[in-house]
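Okay, so here's the structure we're looking at.
The values are calculated or read from the model by the stated rules, or taken from the named source; none is laboratory data. If you're wondering where the values come from, they're calculated on a predicted model, not measured in any experiment. Cβ sites come from the backbone with ideal geometry, for glycine too, and all protein chains shown count toward neighbours. The accessibility values were calculated without ligands, DNA or RNA, using every heavy atom of the protein model including side chains. Shrake-Rupley method; radii C 1.70, N 1.55, O 1.52, S 1.80 Å.
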Amino acid sequence: AVQRIKQVLGEGSGEQGYSEAEGITLWIRTEKLSQTLGASWLLHVREGPGDADQRRGHPGALFEIHAHRSTRTVTVWGIFVNGRQACRKLVYSTDARWEFRDLAVSTKDRNNPWEQGMRHAAGFYLEGYMNPDGSVPQTAGAGYLHDHPVGSLVISRKTDSHRFHPRECELEDEVYVPVDALTGVLPDCLLEAYNFWRTAPDLIRGYPITQGSRKQLLVEGLGDGTAIIRRIDREAHNSEVLLNLVSGSIGTDLHLILEMFGRMENASHILAWSQSKAEANDICQLSSVELPRLRTKFIAQQSKGRTRLVSADHAGLFVSVDGLLDPSLRQHLVGIPHALVLENQFRQHFLMVPNFGVDRVKVRACPFSTELVLNRSSEWADAVRTRFYVYPMHLSGSFLVTESTSAALYLVLLRLVSCQYLQATRGMQACTSDSPFDSEQQFVLNLISRTADKKFFRDAHPDAVAARLRLSLVCKQARTKTPWNVDEDLGVYMQCLGHVSAACKLDYTEETLINADPTRIKYLDLLKQAHEDPSTPVEFELPKPTSKEVGGMIKELASVARQVTRQQLMKALQMDQIQF
């Protein structure tokens, strides 16, 4: 954390408040911190950014910087005023997987790989004070808008009978709490599903956005930095308490649950509930784990003295604790960083993989890098009907079984972007369909098309080009337009034909279906004839080919000749039966 601060402010050290640059002051918090919080700073930028006109009347900015022990992250919180009250909002984290705000990791091209501990960094640590592109945000009362009045809006309303099980301390009037005031404080999935109103000084009630919902939220406390979140039912008097997975120390059950489900989702969309009346810092039993964005749930059940998280959607499957230790399974996890390992009572393993969009980041210093960034955008949510796929591992442990065309296409996508071309080619056998692809399958195809687009990360490896050509035949069979330039891939394929792996090369039938060159088709027919009857002379006149085409054809003939015994090959060469 200190190194990160020094990169922003310059080298230096101090214990109380100190200034490292003109207009910047940093205070270190010296009072006793919580078990999970390792250090805390308050950064005060006294002047606005930009030139003199843009800084005119600017109040500056305040940021809190926290270093966390359990997640080993550094977070930055922006301080802003709403209704004459100071609020804070999470704006940056060195690891967005463990934060309650769903921050998107950048997919921009990079010159060098990520620094240690920064692989999942996201956000902008000066949000609200400066834009990421260096421009100055327009603020009323400052800069070019210095003559505009500065106002603050507070929305309140009279309560009615819409409260579930009202409490005596709740007031008649309730005040709306804006989303920014809770961003990073509460999980984003709750902010997406509820509107929050303050009904008492230390009580906030969350009303469901969806009409007809039977559940409401109660947020007790929050003034001293800790809160108890309860989910109450309209008809039942029992309630559930939300467990803070991020606060769990390393080695605890809470931290283990966060690490397991953190492979698939960010902490902002993982909800662990306990059906108890626990208070702050009480020990309670886990009841369920919900993944709202994936629309799935796991129920905690006791089995032989151990707690199992059993899938509510797939009967008989539960989360595997030691599945990652299976060497036969680990080979299938290469290129699938967001898979959760499940198993059944027979110890058969399954991979639960969300079908998020994936972006392959271009690292100029490592041109063959296969680092992926998950894209959980609204485009993905609108396009897919099924939010995840379950891949059973075959009993032999040699491959994963795909149970639908969509699941097979997504597995091919993951193999392609991780440069596993042989596995991608083998997986295309399960992608065949005689009906047009739906929106979910088309979404996966559009992601595959990025491997052929220079705007993203064009993969010109000969095996990758051959795999896309084979996939274009799948699209043709399904009467679906291929979302990339097939002719361009075909031209590259013909030029690098001699470098395509034997297992990835198109066979006779596939190439005749995709190639419209009559000379090439005639050559393939004669090549097939030579393969079927090596004793018959084959003559073919090349129409002024290039050196690359000649080399590719010679290698093709050589591959045919290898299938003939050495004596037959020598005899054929002596009789000049292979001629050009």
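Can you confirm whether residue 283 is of a type in the set (Val, Ile, Thr) and more than 25 Å from residue 101 (Cα to Cα)?
Values: of a type in the set (Val, Ile, Thr): yes; more than 25 Å from residue 101 (Cα to Cα): yes.
When the stated conditions are applied, residue 283 passes them.
Out of 152, 106, which single residue is under 36 Å from the mean Cα position of the chain (by Cα) and either more than 30 Å from residue 235 (Cβ to Cβ) or at pLDDT 90 or above (or both)?
Details: 152 fails: under 36 Å from the mean Cα position of the chain (by Cα).
Answer to the check: 106.
Just to be sure I understand, how many residues within the range 343-400 are under 20 Å from residue 104 (Cα atoms) and in a strand (DSSP E or B)?
12
Scanning the range 74-99 for residues that are of a type in the set (S, T, N, Q) and in contact with a Lys or Arg (Cβ under 9 Å, 6 or more places away or on another chain), which turns out farthest from residue 145 (Cα to Cα)?
First, pick out the residues of the range 74-99 that are of a type in the set (S, T, N, Q): 75, 82, 85, 93-94.
Imposing the further condition that a residue be in contact with a Lys or Arg (Cβ under 9 Å, 6 or more places away or on another chain) reduces the set to 93-94.
Details: 93: 31, 94: 34 Å.
That would be 94.
Read through the list (1) within 18 Å of residue 80 (Cα to Cα); (2) at pLDDT 90 or above; (3) among the aliphatic types (A, V, I, L, M), then give the number of the only condition that residue 191 fails.
Single failed check for residue 191: (1).
Report, by residue number, each residue of the range 61-110 that is open to solvent by 20 Å² or more (accessible area, probe 1.4 Å), touching a Gly at 6+ places or on another chain (Cβ under 9 Å) and part of a loop (DSSP other than H, G, I, E, B).
Across the range 61-110, the qualifying residues are 69, 72, 100, 101, 104.
Of all the residues that make up the range 132-165, how many are open to solvent by less than 90 Å² (accessible area, probe 1.4 Å) and in contact (Cβ under 8 Å) with a residue 24 or more places away in the chain?
Result for the range 132-165: 14.
Suppose the filter is in contact with a His (Cβ under 9 Å, 6 or more places away or on another chain) and under 30 Å from residue 252 (Cβ atoms); does residue 104 pass it? Before you say what the answer is, go through the steps one by one.
Values: in contact with a His (Cβ under 9 Å, 6 or more places away or on another chain): no; under 30 Å from residue 252 (Cβ atoms): yes.
No.
Out of the residues in the range 368-406 that are basic (Lys, Arg) and surrounded by 15 or more Cβ atoms within 10 Å (Cβ to Cβ), which is modelled with the highest pLDDT?
So in the range 368-406, the residues basic (Lys, Arg) come out as 376, 385, 387.
Add one more test, that the residue is surrounded by 15 or more Cβ atoms within 10 Å (Cβ to Cβ), and what stays is 376, 387.
Values: 376: 92, 387: 95.
Restricting to residues being basic (Lys, Arg) and surrounded by 15 or more Cβ atoms within 10 Å (Cβ to Cβ), the top hit is 387.
When only residues in the range 354-367 that are of a type in the set (A, V, I, L, M, F, W, C) and over 11 Å from the mean Cα position of the chain (by Cα) count, which is surrounded by the fewest Cβ atoms within 10 Å (Cβ to Cβ)? Lay out the reasoning, then the answer.
We begin by selecting, within the range 354-367, every residue of a type in the set (A, V, I, L, M, F, W, C); these are 356, 358, 361, 363, 365-366.
With the extra rule that they be over 11 Å from the mean Cα position of the chain (by Cα), the set shrinks to 361, 363, 365-366.
Details: 361: 20, 363: 17, 365: 9, 366: 13.
Step by step, filter the range 354-367, then rank; the result is 365.
Of the residues 317, 325, 286, which single one is more than 22 Å from the chain's Cα centre (by Cα), open to solvent by 10 Å² or more (accessible area, probe 1.4 Å) and in contact (Cβ under 8 Å) with a residue 60 or more places away in the chain?
Numbers: 325 fails: in contact (Cβ under 8 Å) with a residue 60 or more places away in the chain; 286 fails: in contact (Cβ under 8 Å) with a residue 60 or more places away in the chain.
After applying the criteria, what remains is 317.
Do we find a residue being of a type outside the set (Ser, Thr, Tyr), modelled with pLDDT under 75, surrounded by 14 or more Cβ atoms within 10 Å (Cβ to Cβ) and not in a helix (DSSP H, G or I) anywhere in the range 527-539?
Within the range 527-539, one or more residues are of a type outside the set (Ser, Thr, Tyr), modelled with pLDDT under 75, surrounded by 14 or more Cβ atoms within 10 Å (Cβ to Cβ) and not in a helix (DSSP H, G or I).
Taking the range 291-303 on its own, how many of its residues are open to solvent by 30 Å² or more (accessible area, probe 1.4 Å) and out of contact with any Asp or Glu (no Cβ under 7 Å at 6 or more places or on another chain)?
6
Among the candidates 210, 252, single out the residue that is closer than 21 Å to residue 34 by Cα and out of contact with any Ser or Thr (no Cβ under 7 Å at 6 or more places or on another chain).
Being closer than 21 Å to residue 34 by Cα and out of contact with any Ser or Thr (no Cβ under 7 Å at 6 or more places or on another chain) holds for just one of 210, 252, which is 252.
Is it the case, given these coordinates, that residue 313 is of a type outside the set (A, V, I, L, M, F, W, C) and in a loop (DSSP other than H, G, I, E, B)? Full working, then the answer.
Details: of a type outside the set (A, V, I, L, M, F, W, C): yes; in a loop (DSSP other than H, G, I, E, B): yes.
Against the criterion (of a type outside the set (A, V, I, L, M, F, W, C) and in a loop (DSSP other than H, G, I, E, B)), residue 313 qualifies.
Of a type outside the set (Val, Ile, Thr) and over 23 Å from residue 403 (Cα atoms): does that describe residue 485? Spell out the reasoning first.
Numbers: of a type outside the set (Val, Ile, Thr): yes; over 23 Å from residue 403 (Cα atoms): yes.
Spelling it out, residue 485 is indeed of a type outside the set (Val, Ile, Thr) and over 23 Å from residue 403 (Cα atoms).
Matching residues to (1) polar (S, T, N, Q); (2) in contact with a Phe, Trp or Tyr (Cβ under 7 Å, 6 or more places away or on another chain):
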{"site": "240", "(1), (2)": "no, yes"}
{"site": "247", "(1), (2)": "yes, no"}
{"site": "251", "(1), (2)": "no, no"}
{"site": "260", "(1), (2)": "no, no"}
{"site": "268", "(1), (2)": "yes, yes"}
{"site": "271", "(1), (2)": "no, no"}
{"site": "276", "(1), (2)": "yes, no"}
{"site": "283", "(1), (2)": "no, no"}
